[in-house]
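Below is one structure, written out as structure tokens, with a few remarks after it.
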Amino acid sequence: MAFTFFFRDTHVLDLITRHVVPGLAGFSRIRVWDAGCAMGPEPYTLAILFAENLGKFAFRNLTIYATDIDEGGDFEQTIAAGDYPLEALQRIPPEYLERYFVASDRPQYRRVCDGLRQRLRFTRHDLLSLSPIGDGFHLIVCKNVLLHFSPAQRVEVLRMFHRALAPGGFVATEQTQKMPAELGDLFEPVTVDGQLHRRRQP
């Protein structure tokens with residue numbers, strides 16, 4: 001299972017906010033796949049950014065599919081509950097913490113609000129199966145696990161993402177994970193200063 005935390009890799013998150021979110025407001029279904037979501041901080045971070053920048057009516061059309069191999073067997077329950085200790089929330093801007101988290105039944109914990117939790121779907125998935133969980137995704141985020149794969153495996157996983165994307169869809173990877181040169185016919189960079197790429201049109 002990948003490791004992550006709330007508002008990790010803020011540069012990539014900013015690129016998503018500036019280059020991806022504005023173009024999705026007119027869609028009746030907005031599909032996002034967070035591949036390698038670990039215990040949930042990343043998909044909930046994405047949900048916050050969409051809620052802040054998409055508009056409340058368009059936000060209702062958003063579904064974030066959060067997947068992980070989950071060898072420990074407990075990620076789905078943790079994400080569904082949306083219950084996190086306060087020390088795990090320290091990187092969240094205070095205004096977002098106030099707006100999107102509520103009191104928990106457990107002391108020293110806060111719970112993600114219902115409005116965000118309703119936008120997420122959770123399932124177990126092994127990226128190395130090379131079988132996507134669906135298609136027509138407007139954005140695929142994979143920032144936690146590619147570095148654990150061999151170069152050949154990364155290429156095949158990114159090819160799978162290409163098949164799963166809607167025309168013109170985006171894939172965002174960790175800043176250290178450059179797009180392999182052999183995939184230049186499938187993806188084009190959106191910016192020179194970050195790992196956000198768009199699916200090339202056939």
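The values are calculated or read from the model by the stated rules, or taken from the named source; none is laboratory data. Just so it is clear, the model here is predicted, and its values are computed rather than measured. Cβ coordinates were reconstructed from backbone atoms using ideal geometry, including for glycine residues, and neighbour counts include every protein chain displayed. Please note that ligands, DNA and RNA were not included when accessible areas were found on the heavy atoms of the full protein model with its side chains. Shrake-Rupley method; radii C 1.70, N 1.55, O 1.52, S 1.80 Å.
Ordered by packing density, taken as the mean number of other Cβ atoms within 10 Å over each peptide's residues, highest first, how do 156-163, 42-49, 183-190, 63-70 rank?
Peptide ranking by packing, descending: 42-49, 63-70, 156-163, 183-190.
Once every Cα of the stretch 71-138 carries one equal point scatterer and solvent is ignored, give the base-10 log of I(q)/I(0) from the Debye formula at q = 0.27 Å⁻¹, two decimals.
-1.23
What is the antiparallel percent of DSSP beta bridges lying wholly in the chain, to the nearest 5? Write out the running numbers ahead of the final one.
On the way: 12 of 31 bridges.
In the chain, approximately 40 percent of DSSP beta bridges are antiparallel ones.
Give me the percent of accessible area attributable to carbon and sulfur for the chain, probe 1.4 angstrom. Kindly include the intermediate steps, with their values, before the conclusion.
Values: 4790 of 9500 Å².
Carbon and sulfur together cover 50 percent of it.
Can you compute the equivalent ellipsoid semi-axes for the stretch 1-113, i.e. the square root of 5 times each eigenvalue of the Cα gyration tensor, sorted largest first and rounded to whole Å?
Details: eigenvalues 103, 57, 37 Å².
For the stretch 1-113, the semi-axes come out at 23, 17, 14 Å.
Expressed in nm², what is the orientationally averaged projection area of the convex hull enclosing the Cα positions of the stretch 7-73?
Details: hull surface 18.5 nm².
Its Cα hull, projected and averaged over all orientations, spans 4.6 nm².
Just to confirm the filter: which GluC sites (Glu not before Pro) across the stretch 18-105 are DSSP coil and have at most 12 other Cβ within 10 angstrom of their Cβ?
Numbers: sites: 52, 71, 76, 87, 95, 98; in loops: 71.
Sparse-neighbourhood loop GluC sites (Glu not before Pro): 71.
Explain nothing, just the number: relative contact order of the chain, from Cα pairs under 8 Å at least 6 residues apart, as a whole percent.
Working: 346 pairs, mean separation 46.5, N = 202.
Here the relative contact order equals 23 percent.
Considering only protein heavy atoms, what per residue accessible area in square angstrom results for the stretch 98-173 with a 1.4 angstrom probe? Could the numbers behind the result be given before it?
Details: 3610 Å² over 76 residues.
For the stretch 98-173, the per-residue accessible area is 48 Å².
Taking the inverse of the average 1/r across all pairs of different Cα atoms in the chain, what Kirkwood radius in Å do you get? Kindly include the intermediate steps, with their values, before the conclusion.
On the way: mean 1/r = 0.0586 Å⁻¹.
Roughly 17.1 Å, rounded to one decimal.
Counting alpha carbon pairs within less than 8 Å and at least 6 residues apart, what relative contact order, in whole percent, applies to the stretch 115-188?
Contact order relative to length: 38 percent.
Using a 10 angstrom cutoff on alpha carbons, build the Gaussian network for the chain and name the most mobile of 107, 41, 93.
Most flexible of the set in this elastic network: 107.
Across every pair of different alpha-carbon atoms, what Kirkwood hydrodynamic radius in Å does the stretch 92-173 reach? Numbers along the way, then the final one.
Numbers: mean 1/r = 0.0651 Å⁻¹.
The Cα-based Kirkwood calculation yields 15.4 Å.
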